[in-house]
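*Asks:* Questions regarding the structure given below will be posed in turn.
Nothing in this text is a laboratory measurement; each read-out follows from the coordinates by a stated rule. In this text the structure is predicted, and so the values were computed from the model without any measurement. Every residue, glycine among them, receives a Cβ derived from its backbone with ideal geometry; neighbour counts consider all protein chains shown.
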Amino acid sequence: MGNVKIYAGLVDGALMPIIEDKTSEEIVTAFTGDDTGAPPTSVTIEVITESGSKVRIYIPNSSADASVTVDGKRV
């Protein structure tokens, strides 16, 4: 199992699971498909906060866990 879960926030405050209990490889395939020519090595989600910090979530296309950096520093 991977260490990533993705939810949609609902108007009643609940969270609807979109991705749970998937490996990193399965998550990358869900985003990119499995017929992309050269296989992707990862999916990266980047968010710039209101204060200007850059948050990156890196999901590898392997059995390794996803990781998070804030302004280039791994957390």
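*Asks:* Tell me the strands (runs of 3 or more DSSP E) entirely within the chain that contain at least 1 residues that are exposed (fewer than 10 other Cβ atoms within 10 Å of the Cβ).
*Replies:* Once the strands (runs of 3 or more DSSP E) in the chain are filtered for at least 1 residues that are exposed (fewer than 10 other Cβ atoms within 10 Å of the Cβ), what remains is 6-9, 15-19, 42-48.
*Asks:* Let me ask another. Would you point out which residue out of Lys22, Lys54 is among the charged types (D, E, K, R) and touching a strand residue (DSSP E or B) at 6+ places or on another chain (Cβ under 8 Å)?
*Replies:* Lys54
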